[in-house]
Each structure stands twice: as C-alpha cells, then as structure tokens.
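Got a structure here, written out as structure tokens. Questions coming.
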C-alpha cells in the first residue's frame, strides 16, 4: 500500500536517517549551550590570560 507514493521500503530507510539528523541537531544544540558557559563553572572556571583562547572548542 502506497500513501502519497511512499512505500514501506522507503520508510525503512527514512527512519534511521531522520533519527541520525535529530541526534546530530540535538548534539549541536548541546554544544552551543556548553559554549555559552565556557570557563564560567565554579568547579573548572578560571581567569583567562589576555589573548588566551577559551578551553571549549
């Protein structure tokens, strides 16, 4: 049975791909969240020297 021309065969390929894309998007959002708080934590934070790069990428 095809719904809008999409068969079950295509759905088996689409589901893992959509899971990968969702996971990579969530990972990118988490990295951006961590970048905002780099070197500001109470446990690992420290004063940076002038011209020193932050510890997070």
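So residue 35 passes all but one of these: (1) modelled with pLDDT of 80 or more; (2) in a helix (DSSP H, G or I). Which condition number does it fail?
If we test residue 35 against (1) modelled with pLDDT of 80 or more; (2) in a helix (DSSP H, G or I), just (1) comes out false.
What tally of residues in the stretch 1-32 results from selecting those that are in a helix (DSSP H, G or I), modelled with pLDDT under 90 and exposed (fewer than 10 other Cβ atoms within 10 Å of the Cβ)?
Here the count works out to 5.
The values are calculated or read from the model by the stated rules, or taken from the named source; none is laboratory data. Just so you know, these numbers come straight off a predicted model, no measurement behind them. Don't worry about glycine lacking a Cβ; one is built from the backbone with ideal geometry, like all the others, and counts go over all protein chains shown.
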